[in-house]
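These notes are about the structure you will find just below.
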Amino acid sequence: SFLAGARCPDPGPAMNGHAAAACFGGSGAAFPHPPAGVHGAAPSGPGGVPSGVKNSQVHAGVAAGYPVHVVAAGASSSSPQPGLPVSTSGGSGGFLQWCARVLGISAAPPDDFTILLLGQTGSGKSSFLNLLANFPSVMRDGQAIVDGQPLKDVRDMRFETDVSDRTVSQTQEATVYSLPMGPVRLRVVDTPGFGDTRGMDIDKHNAKRIVDCVKALGSVHAITLVISGRESRMTAQLKYVLTELCAILPRGARGNILVVFTNTSNPLFLNFDMDALNDLVEHEVAEERQIFIDNPYVLWERGSKNSGKVPNDAIKQGLLQAFAEAAQNLGKFLLAVVNTSRLNTEEFERLYDLRQKIEATTVQALNELENVQREKQELAKHKVEIKRAKNEEEMHKEFTRTFNGKRWLFKDADRHGTFCGVKDCHSNCHAPCIMEKTLENARFKECSAFRYTTTKLELRSTGDRDALCAFMRDKCCPFHTDEDGGTGTDYVTVARAPRAFSFLGHKFLADAMLQVPGATTCTGWSAMCHLENLDDFPRNVYVGDTSDQDTCKRCGHHRKYHYHDNKVWEQEKYTDTVVDNATRQKYLDAKSFRERQQEMLKGVEARIQTIEGVQDRLGGELVKRIRQFEGLGMTRNYALLLRSQKDLLEQHINATLEGDAHADIKALKDARDSLEAKLAVVLEEMGKTKRSNPLEWAFAMLALERSATWADVKRKFEQEALRHHPDKRKEGDCERMQQLNEARSILEKHLKPRHSSGFLFKGFSGA
């Protein structure tokens, strides 16, 4: 029997079939008999399922609409068909003994062991499935297979895509295969690969298929991450794939994780950094759960293609060695599977639904954010319009002009007077006038405004004074009080000329009177003494006579333009306002426009307030669901999921541009920008939680219960620091490390003074 840990000796050229058969379970060893009813023609039970297979093994997958294939032992067809006849030649004791020694199982367990294969596109999941399906045949008929007996391809080709591009997943559906393995029956779920270059929407669709399939199964044992051992580092593609895989695994699945490294049969040849994987799953995968397989099924396929092109003996020797090493590692794998406890799959669906709700809430919050941004743009637009309208108002508010001046008013009077009728003269020539009111213009000569004509004379010396005195004589004369004619009652002595005379080129009539400025009688005329006393020259004096009674002595206009009326001209100040109607209309239009814009502004502000309220509600829901997701799932940093997706898109963009500088990468850029927007929303809402409730944020950041002590905080911080510190890990996250430091500082402030009590710190209700 081939014992666990044994290695097949290097087959030499003379190695015969019996020696080779001994390596795989003993001479003539045959695969053990399948359950009753699967022999020979394998009669079918209900629904076409072989009657020898328990309904519980396939019922869940069939009921859910997922393909379930029962692979019979010894089948050699390239297409799996339930109920194929099983070869029973040679007995089955060899493989059963191997199972008993390696797995410690001799009798059939009551239930199947379910293996969920997960991994990156092209990592070798389907080839590993074929290796498991062919393992009993290899153990039984190893030499025959080396000599040319074909291995079977159990994949359902209806759900496989025959493509040569390894970056595109060949498996299109989550398919359940029921594989007999001695006394053990395996249910292996082959899943579509993540990281498909056709886009992240394909990965989302595949995740839904996987979750639905796992939910239909009800439970799983081994969650097997298939990773290419040739990966030298945690590339953006691989980090994205592993992050996405962890996002569909509940936290309770950590103890069910197995890692199969393909393309390497020995940890010495492993390039992959296990620390990076342990950091992602936040769990150290034990050595007994790390399987290294250079898949001989792949080598057999490759050898079949190269047959005749290279020495066949070398191909056979290589296959014998590969099968022997694979048997050892598969034994380790199966032992880990049967020693893994059953995991209920209800949490898978709950976790998936949470992520979908987070995605939907994020998209809704992003949509509301875009609505707010649009409304704020509209708000800014209205503010600009209001400012412009105010400027227009200010510019045209002076649509009225005020003029201050004086104007003449012809007002009513108690007594009549003599007025000039010449336009714009406005002269009260003699008002009031005691003459009888008359319309006869000739009688106006008697009015004092017309009676006397005054001539100005300039006396240059005493000689001129004396010469004028020679023509004048004092005379006591009656005067009317207003000099408008009639019988006078006042007698005043004034200088008058007894006869006509000429002086300094002027002619004067008899009775001409003299007026010395500053020296007159009550009548306004002067006496001889006033003239004789003049001694400062030159000096102006006036001589008046009745020579011209047709010219008004007040306004200088002819007598014919004058009239009597009970009026008087008065000048008063006035203020007139002139309205520019065109400017006024512009002002009113601007004012009306501003008022409309202000009303619209109020509406926009109300809408923004409403949307921000929705944002707050969505933000609260988003943070709550993210906390639930991080608490339930293996991934405790939802933002890391978005970052890994963004990094992968950046890698695709750069790789595309390197291959073709003019390539159309708009779709990739749009997807990246969308992810950046979602990431910004998530970080913003998480930041709000940090600002509004820093204690809650700090507990969540370190994944601690609210009843944690200071010792718990220090221990958890040290664990997280080892995972995220950039000086301790190549994949360290500076931003995450900064957040951890802030969380530790917040909790230290509130927990350290009471670290020994273990109670909640003061001020935290724990509700």
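So what are the three principal axis dimensions of the range 604-646 from its Cα atoms, in whole Å, longest to shortest?
Per principal axis, max minus min of the Cα coordinates gives 43, 23, 7 Å.
Greater than 31 Å separation of Cα atoms is the criterion. Which listed pairs, LYS381/LYS586; LYS215/LYS728; LYS357/LYS383; LYS591/LYS688; LYS208/LYS624, meet it?
Check vs 31 Å cut-off fails for LYS215/LYS728; LYS357/LYS383; LYS591/LYS688.
Which FRET efficiency value, to the nearest 0.05, do you get for ALA413 and ASP550 by plugging their Cβ-Cβ distance into 1/(1 + (r/R0)^6) with R0 = 30 Å? Write down the numbers at each step before the final one.
Working: r = 26 Å, r/R0 = 0.85.
For ALA413 and ASP550, the calculated efficiency is 0.70.
Quick one: net charge of ARG499's neighbours, Cβ under 11 Å, K/R +1, D/E -1?
Local charge sum for ARG499: +1.
In whole Å, what three semi-axes, largest first, describe the equivalent ellipsoid of the range 542-686 built from its Cα gyration tensor (square root of 5 times each eigenvalue)?
94, 24, 12
Please list MET274, MET395, MET181, MET157 in order of solvent-accessible area, largest first, computed with a 1.4 Å probe with all protein chains present.
From most exposed to least exposed: MET395, MET157, MET274, MET181.
Work out the length of the dipole vector of the range 265-347 about its Cα centre, built from +1 on the beta-carbon of each Lys and Arg and -1 on the beta-carbon of each Asp and Glu, and round it to the nearest 20 debye.
Using only the charged Cβ atoms, the result is roughly 760 debye.
Quick one: which of 405-415, 598-608, 198-208 comes out on top by average Cβ neighbours within 10 Å, and what's the full order, highest first?
Descending packing order for the listed peptides: 198-208, 598-608, 405-415.
So if R0 is 41 Å, what FRET efficiency would LYS728 and LYS208 give, r being the distance between their Cβ atoms, rounded to the nearest 0.05?
After rounding, the FRET efficiency stands at 0.65.
Rounded to the nearest 10 Å², what accessible area does LYS714 show when all protein chains are kept and the probe is 1.4 Å?
About 90 Å², rounded to the nearest 10.
Roughly speaking, what is the stretch gain from SER461 to ASN404, that is 0.36 nm per residue apart minus the C-alpha to C-alpha distance, in nm to one decimal?
In short, 15.5 nm is gained.
Quick one: which residues, 5 or more positions from ALA413 or on another chain, have an amide H under 5 Å from its amide H? H modelled 1.01 Å from N in the peptide plane, none for Pro or chain starts.
LYS567, VAL568
Give the calculated FRET efficiency between ASP353 and PHE269 to the nearest 0.05, with a Förster radius of 45 Å applied to their Cβ-Cβ distance.
0.65
Limiting things to C-alpha atoms, what are the Rg and the maximum Cα-Cα separation (Dmax) for the range 411-536, in angstroms?
Just the Cα atoms of the range 411-536 yield Rg and Dmax of 17.0, 52 Å.
Place the peptides 437-444, 586-593, 490-497 in order of packing, highest mean first, counting for every residue the other Cβ atoms within 10 Å and averaging per peptide. Don't skip to the end; give the middle numbers.
Working: 437-444: 13.5, 586-593: 15.9, 490-497: 17.8.
Put in order of decreasing packing, that is 490-497, 586-593, 437-444.
The values are calculated or read from the model by the stated rules, or taken from the named source; none is laboratory data. A quick note: this is a predicted structure, and the numbers were derived from the prediction, not measured. Please note: Cβ atoms are built from the backbone with ideal geometry, for glycine as well, and neighbour counts cover all protein chains shown. Accessible surface areas use protein heavy atoms only, side chains included; no ligands, DNA or RNA. Shrake-Rupley method; radii C 1.70, N 1.55, O 1.52, S 1.80 Å.
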